[in-house]
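Working notes, beginning with the structure itself.
The values are calculated or read from the model by the stated rules, or taken from the named source; none is laboratory data. Small disclaimer: the values here were computed from a predicted structure and weren't measured. No Cβ is skipped: glycine too gets one built from the backbone with ideal geometry, and neighbour counts run over all protein chains shown. What goes into the accessible areas is simple: the full protein's heavy atoms, side chains included, and nothing from ligands, DNA or RNA. Shrake-Rupley method; radii C 1.70, N 1.55, O 1.52, S 1.80 Å.
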Amino acid sequence: MKIRRVAMAAAAAVALACSATGTAQASTPIYQWHFWSSGICLDSNSNGDVYGNSCNGGSYQRWSQSNDWGAYLFKDVETGRYLGEGLYGHLYASTDHSEGDEHWYLVGDGIGHYAFKNYATGDCIDNEGTTAPTDATPCGGPGDHFQELWHTS
């Protein structure tokens, strides 16, 4: 009888541990990223285009964030595509995230603003403060610091 109670308690502990682990992995933070100085949001569409646009709270402007390779993957909630950087700093949203081009570091300024720095290229997502397409350029160029900072809501 004592062995049976110990076995039941062990099985319950294993079940609890498995369910707790599954819950922790299922919660992925989702953010809407705003350009620091203008409030323009990081946006995309089902064609894989990525650009800055007026913030509207829509699902194309919501990005889940997960850790991979010691960097972050940003996945558009609506399309399921991953934020990446292509040739000449062109931003895109891809269904594949196996390359370093879809991995990003978040470089903070200590007061809640972040620069997206690409794992493969070292470029930062830049926005000129308009709804013009957002691209990636070398980080920290003259006068660029404020054009590279984003925050969440």
**Report entry** All positions within the range 109-151 that are at pLDDT below 90, open to solvent by 50 Å² or more (accessible area, probe 1.4 Å) and within 16 Å of the chain's Cα centre (by Cα)
**Finding:** Asp135, His151
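One line per residue, one yes/no per condition, for (1) under 14 Å from Tyr119 (Cα atoms); (2) open to solvent by 60 Å² or more (accessible area, probe 1.4 Å); (3) in contact with a Pro (Cβ under 8 Å, 6 or more places away or on another chain):
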| residue | (1), (2), (3) |
| --- | --- |
| Arg62 | no, yes, no |
| Ala71 | yes, no, no |
| Lys75 | no, yes, no |
| Glu78 | no, yes, no |
| Ser94 | no, no, no |
Query raised in the report: Does any residue of the range 6-14 turn out to be at pLDDT below 90, part of a loop (DSSP other than H, G, I, E, B) and either more than 23 Å from Glu99 (Cβ to Cβ) or in contact with a Cys (Cβ under 6 Å, 6 or more places away or on another chain) (or both)?
Result: no
Report task. Mind listing whichever residues of the range 99-108 are under 15 Å from Phe74 (Cβ atoms) and either surrounded by fewer than 19 Cβ atoms within 10 Å (Cβ to Cβ) or not acidic (Asp, Glu) (or both)? Result -> Glu99, Gly100, His103, Trp104, Tyr105, Leu106, Val107
Requested in this report: Name the strands (runs of 3 or more DSSP E) wholly inside the range 55-115 in which the number of residues that are basic (Lys, Arg) and under 22 Å from Glu148 (Cβ atoms) is 1 or more.
Outcome: 71-76
Query - Filtered residues of the range 28-54 (kept if touching a Ser or Thr at 6+ places or on another chain (Cβ under 6 Å), buried (at least 17 other Cβ atoms within 10 Å of the Cβ) and in a loop (DSSP other than H, G, I, E, B)) - result: Gln32
Query raised in the report: Taking the stated definitions as given, is Asn53 under 19 Å from Gly89 (Cα atoms), of a type outside the set (Phe, Trp, Tyr) and at pLDDT 95 or above?
Result: no
